[in-house]
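Trainee: Handing you this structure, nothing more for now.
The values are calculated or read from the model by the stated rules, or taken from the named source; none is laboratory data. For clarity, every value in this text was computed on a predicted model and none was experimentally measured. No Cβ is skipped: glycine too gets one built from the backbone with ideal geometry, and neighbour counts run over all protein chains shown.
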Amino acid sequence: MKVLVCDKTEKECIEQMRAAGITVDTQFEITPEELVVTAPKYDALVVRSRTKVRQPLIDACPNLKLIVRGGVGLDTIDVEYAQSKGIVVKNTPLAASASVAELAIGYMFMLARSLYKASTTMKEGRWEKKAFEGDEINGKTLGIVGVGNIGKETAKRASGLGMTVIAYDPYVQSFQYGKLVSLDELLARSDYISLHLPKNGETASMIGDQQFAKMKDGVRIINCARGGIVDEEALFRALENGKVAGAALDVFAFEPPTDWKLIKHDNVVASPHIGAATKEGQSRVGAEVAQIVIEFSKQL
């Protein structure tokens, strides 16, 4: 079995696959143009968020049997088309859950205490102690939209911090860390709203002007899920009119962004899609990728 690893992956993962007798080549910076020429020689592709596996690439790869996405989201892969061609598509849904959940919680603290602004003024040599009276997150209501693995990990941590957790997920029947409610109730009750769901036809732009209008004044929004779930223009308007007191964004409709207006807003903190980027998370992703590829190779 020949595997092409298209994005940076832990060295241990590569060595585990090779030790199992699998031929593994790495091209961490391969371009889309190079990939369509190179990939047809391989039985499997290992990708992260950088590499897109769309229909034209799939059509160019008659030998392709497996695509492994190191991470949770599969929006960079034409999954249904690949499966229609008999290609197995796998991801690593558990490996980075704790990493992303911790980022979401960290962002809540940043928004509650204006930590970015406070740090910036200090670096500028200004002592503005009276300008930064914040809020405790203890006792506040956190609304989690999407309670898959990451949503559950976020809820568990928030509960331990004394937050009241409510959640919306039409595909979940029970939730041990809080109460399941309708989306409208979640929007109306939440002091913080954290998004943890995939981007698809149902969720694209699901948080827009109408949803912001239903929220509390001064709500805070955290998106460590996928760009495009929140309508960025609508979020900017909500920040401008004060409906949203602050937003923390790790993901964007276009990455890297083509319009930096939202990111540069005074009440926005942002990061370049680093939710899963911890040493521990990356190690778990690599181990799970290796296990998937090795188990698949045994079936050939």
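Trainee: Only one of (1) within 30 Å of ALA290 (Cβ to Cβ); (2) in the same structural domain as ASP266 (by TED's automatic domain parsing); (3) in a loop (DSSP other than H, G, I, E, B) is not met by GLU136, so which one is it?
Mentor: Condition (1) is where GLU136 drops out.
Trainee: Using beta carbons and a limit of 7 Å, which pairs, at least six apart or on different chains, have the first residue in the range 105-128 and assigned by TED's automatic domain parsing to the domain that holds ILE193 and the second one among the basic types (Lys, Arg)?
Mentor: The qualifying pairs are ILE105/ARG157; LEU111/ARG220.
Trainee: Please determine whether any residue of the range 66-89 is buried (at least 22 other Cβ atoms within 10 Å of the Cβ) and either at positive phi or polar (S, T, N, Q) (or both).
Mentor: Checking the range 66-89: at least one residue is buried (at least 22 other Cβ atoms within 10 Å of the Cβ) and either at positive phi or polar (S, T, N, Q) (or both).
Trainee: Now a separate question. Counting only residues that are assigned to a helix (DSSP H, G or I) and acidic (Asp, Glu), which one in the range 176-193 is surrounded by the most Cβ atoms within 10 Å (Cβ to Cβ)?
Mentor: Start the filter on the range 176-193 by keeping residues that are assigned to a helix (DSSP H, G or I), which leaves 183-189.
Subset that is acidic (Asp, Glu): 184-185.
Values: ASP184: 11, GLU185: 15.
Filtering the range 176-193 for residues that are assigned to a helix (DSSP H, G or I) and acidic (Asp, Glu), the one surrounded by the most Cβ atoms within 10 Å (Cβ to Cβ) comes out as GLU185.
Trainee: Next question. Somewhere in the range 225-236, is a residue crowded, with 19+ Cβ neighbours inside 10 Å, farther than 22 Å from LEU115 by Cα, in contact (Cβ under 8 Å) with a residue 60 or more places away in the chain and of a type in the set (Lys, Arg)?
Mentor: yes
Each row is one residue, and each column tells you yes or no for (1) in the same structural domain as GLY151 (by TED's automatic domain parsing); (2) crowded, with 19+ Cβ neighbours inside 10 Å; (3) at pLDDT 95 or above; (4) not small (Gly, Ala, Ser).
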site: GLY218; (1), (2), (3), (4): yes, no, yes, no
site: ASN223; (1), (2), (3), (4): yes, yes, yes, yes
site: ALA238; (1), (2), (3), (4): yes, yes, yes, no
site: ASP259; (1), (2), (3), (4): yes, no, no, yes
site: ILE263; (1), (2), (3), (4): yes, no, yes, yes
site: ALA287; (1), (2), (3), (4): no, no, no, no
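Trainee: So, one more: Condition test on ASP250, is it in the same structural domain as LEU187 (by TED's automatic domain parsing), of a type in the set (Asp, Glu) and loosely packed, with under 15 Cβ neighbours inside 10 Å?
Mentor: Numbers: in the same structural domain as LEU187 (by TED's automatic domain parsing): yes; of a type in the set (Asp, Glu): yes; loosely packed, with under 15 Cβ neighbours inside 10 Å: no.
Taking the combined requirement at face value, the residue does not satisfy it.
Trainee: What pairs come up if the first residue lies in the range 60-81 and is of a type in the set (S, T, N, Q), the second is assigned to a helix (DSSP H, G or I), and their beta carbons are under 8 Å apart, counting only those six or more places apart or on different chains?
Mentor: Close Cβ pairs (under 8 Å, with a partner that is assigned to a helix (DSSP H, G or I)) amount to ASN63/PRO40; ASN63/LYS41.
Trainee: Still on this structure: Of all residues in the range 39-59, which are without any contact (Cβ under 8 Å) to a residue 40 or more places away in the chain and farther than 25 Å from PRO256 by Cβ?
Mentor: Pass one, the range 39-59, residues without any contact (Cβ under 8 Å) to a residue 40 or more places away in the chain: 39-41, 52-59.
Matches in the range 39-59: PRO40, LYS41, ILE58, ASP59.
Trainee: Step by step: first the residues of the range 242-257, then only those that are small (Gly, Ala, Ser) and touching a helix residue (DSSP H, G or I) at 6+ places or on another chain (Cβ under 9 Å), then the one that is modelled with the lowest pLDDT. Which residue is that? Even if it seems obvious, please write down each step before you answer.
Mentor: From the range 242-257, those small (Gly, Ala, Ser) are 242, 245-248, 253; that's our starting set.
Then drop every residue that is not touching a helix residue (DSSP H, G or I) at 6+ places or on another chain (Cβ under 9 Å), which leaves 245-248, 253.
Working: ALA245: 97, GLY246: 97, ALA247: 98, ALA248: 98, ALA253: 94.
The residue in question is ALA253.
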